[in-house]
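*Asks:* Below: one structure in structure tokens.
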Amino acid sequence: MTGNKTVFIKTYGCQMNVYDSERMSDTLAPLGYTPTDDADNADLIILNTCHIREKAAEKVYSELGRIRVAKGERAAQGKETLVAVAGCVAQAEGEEIIRRAPAVDMVFGPQTYHRLPELIERVRKGERPSEPEATAPFKAPRSPKVVETDFPLEDKFDHLPAAKAEVTRARGITAFLTVQEGCDKFCSFCVVPYTRGSEVSRPVEKIFSEAEALVAAGVREITLLGQNVNAYHGLGADGEMWTLSELLRRLSDIPDLWRIRYTTSHPRDMDDALIAAHATNPKLMPYLHLPVQSGSDRILAAMNRRHTASEYVELIGKIRAARPDLAVSGDFIVGFPGETEADFEATMELVRQVNYAACYSFKYSPRPGTPAATEADQVPEAVKTERLHRLQALLDAQLKDFSHSLIGRTLPVLFEKEGRLPGQIVGRSPYLQPVNVMAPSHLIGQMADVVIEGTGAFSLFGSLVGEPAATERRLA
Ligand code: SAH
Ligand code: SF4
Ligand code: F3S
């Protein structure tokens, strides 16, 4: 079955999907599939989907409409196109996807990617879907379809090819590494516990060797991923369960790994050892994504977040005491069922107290199968929109203030790529902002100190320490 075939993978949703897409690509390489950016001419198209909000899921169906046309045109030229839907929409909707989008050949959930070669084989051999037989004789012959949304007993990570130096294509200076997957928290608005299953942590040494391989391939910054990454409890070489802070310490032993981040954390799982790691581990970046969703205790309880607003604010205080230059980002939902103007004002107040460096904020989107979706007191769309605007105006102002506060400071920047202007290169600050600097391209992959001189919408501008500032260069 090998040959020169191409695969186009489109990734939606969170960073975990980005990581999974890379692993799928690695799994397909031995079957002769090389990645392509040309969706219209690919032999295999995989949409790695997200179900978190209605809009995210709907995007998939509009993309499938376009793919249907391209698939038809290729068929007219005698070329076969296999279309697969992976990820969280696949897990949540299963066979429904094939009914709505007949161009789809395969549907498989996030825990089955290691079975990809077998699934492709099954489609090729002509497996039929498990639709009721009674309707079958009256239908035109259907193309073979495969749907795989079980949570298999075996662990996909044991079977997926880990990122290895020799198979990791030049994927750049920074990389994601999934250490924990799934969620047992069941916030009342959220689909993740249903689409990703219950919490599973990968063993420490497997993560360590994958990190070593990434570093050998040139990676200098790794972001550890998990839906609740700070709930990590993975088997260590000593037979004990290790926490995230212990895992961070182990990974810090890799000499050429310079920077470590982790995301996403839940406030309930920020233990003292992890907070202390922010004070003592110089490789751990002073930036923490710690979603709170709402500042109203009544809404937090209805969301099943299991902490109060003041507990969250105190926690932030504790983390900032350990690492004073730490920047905090968060996620917010406005218009959760029953949210009053007073509840929303409590969210605004929490934002003023915490002072965020960056945030994601969303209108509540009722998700099928979650408890909040069937609450009677849904908030009207217009009210959600208006509250989101007010919240985003405040968050945008805080983001700008934070960027401005960095002007004149010297920050270590890890350079990743060429910039848009000739002679410019771009790296990341410790706070994840892109930093544009006029500097030689041999610094890509290196870290250098940069004096921050200006800000853009989401980025910073600066000069290498010891070099003349941009303004001085213009005057010279
Ligand atoms: N595990 C993370 C969040 C994962 S989902 C945590 O506990 O914080 C990413 C973000 O999407 C959430 O933080 C939340 O702000 C948003 N989100 C999740 N479900 C949503 C829904 N039904 N409507 C709107 N936003 C939602
Ligand atoms: Fe969703 Fe809550 Fe789990 Fe985060 S902690 S993934 S918001 S259920
Ligand atoms: Fe979306 Fe699934 Fe991630 S629902 S946010 S892709 S875990």
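*Asks:* So, in nm, how far is label D331 from label Q424 when the simple model puts each one 7 Å beyond its Cα toward the Cβ?
*Replies:* 3.2 nm
*Asks:* Between 0 and 90 degrees, rounded to the nearest ten: what's the tilt of helix 116-125 against the longest Cα principal axis of the chain?
*Replies:* Between helix and principal axis, roughly 20 degrees.
*Asks:* Same structure again: Ignoring everything except DSSP H segments at least 4 long, calculate the 222 nm mean residue ellipticity for the chain; use -39,500 (n - 2.57) per segment, divide by total residues, nearest 500.
*Replies:* -10000 deg cm²/dmol
*Asks:* Express in nm, to one decimal, how much length is gained between A322 and R122 on full extension, taking 0.36 nm for each residue of separation and deducting their alpha carbon distance.
*Replies:* Gain on extension, A322 to R122, equals 66.6 nm.
*Asks:* To the nearest 10 square angstrom, how much accessible area does V18 have with a 1.4 angstrom probe?
*Replies:* 50 Å²
*Asks:* Hey, rough spin-label estimate for N4 and R409, points 7 angstrom out along Cα→Cβ, what's it come to in nanometres?
*Replies:* Here the answer is 5.1 nm between the modelled labels.
*Asks:* Past 29 Å, Cα to Cα: identify those pairs from K5/K283; K55/K283; K5/K145, in the order given.
*Replies:* K5/K283; K55/K283
*Asks:* R0 = 51 Å: FRET efficiency of R390 with S252, Cβ-based, nearest 0.05?
*Replies:* Calculated value: 0.75.
*Asks:* Compute the acute angle (0 to 90°) between the alpha-carbon long axis of helix 54-76 and the principal axis of greatest extent of the alpha-carbon atoms of the chain; round to the nearest 10°.
*Replies:* 50 degrees
*Asks:* Rolling a 1.4 angstrom probe over the protein heavy atoms, how many square angstrom per residue are accessible across the chain?
*Replies:* Dividing the accessible area of the chain by its residue count gives 44 Å².
*Asks:* Which FRET efficiency value, to the nearest 0.05, is calculated for E73 and V465 with the Förster distance at 56 angstrom and r the Cβ-Cβ distance?
*Replies:* FRET efficiency, E73 to V465: 0.50.
*Asks:* OK, next. Between A276 and T340, 0.36 nm times their residue separation minus their Cα-Cα distance comes to what?
*Replies:* The A276-T340 span can extend by a further 19.3 nm.
*Asks:* Counting only DSSP beta bridges with both residues in region 172-274, what percent are antiparallel, rounded to the nearest 5?
*Replies:* 35 percent
*Asks:* Kindly state, to the nearest 0.05, the FRET efficiency for H159 paired with S441, given R0 = 56 Å and r defined as their beta-carbon distance.
*Replies:* 0.90
*Asks:* With every protein chain left in place, what is the accessible area of S209 in Å² (1.4 Å probe, nearest 10)?
*Replies:* Probe radius 1.4 Å; accessible area of S209 about 60 Å².
*Asks:* With all protein chains present, how much of the accessible area of the chain (probe radius 1.4 Å) comes from carbon and sulfur, to the nearest whole percent?
*Replies:* So the carbon and sulfur contribution to the accessible surface is 55 percent.
*Asks:* Another one. Using 0.36 nm per residue of separation minus the Cα-Cα distance, give me the extension gain between R268 and R352 in nm, one decimal.
*Replies:* Contour length minus Cα-Cα distance gives 28.1 nm.
*Asks:* When all protein chains stay in place, what accessible area (Å², nearest 10, 1.4 Å probe) is found for E314?
*Replies:* Answer for E314: close to 130 Å² accessible.
*Asks:* Can you tell me what share of the DSSP beta bridges in the chain is antiparallel? A percent to the nearest 5 is fine.
*Replies:* Of the beta bridges lying entirely in the chain, close to 35 percent run antiparallel.
*Asks:* Another one. How tilted is helix 341-354 with respect to the longest principal axis of the chain? Cα atoms for both, answer in degrees (0 to 90, nearest 10).
*Replies:* 50 degrees
The values are calculated or read from the model by the stated rules, or taken from the named source; none is laboratory data. From a predicted model like this one, the values you see are computed outputs, not experimental measurements. Every residue, glycine as well, gets a Cβ built from its backbone with ideal geometry; the counts of neighbours run over all protein chains shown. These accessible areas exclude ligands, DNA and RNA; they are computed on the full protein's heavy atoms, side chains included. Shrake-Rupley method; radii C 1.70, N 1.55, O 1.52, S 1.80 Å.
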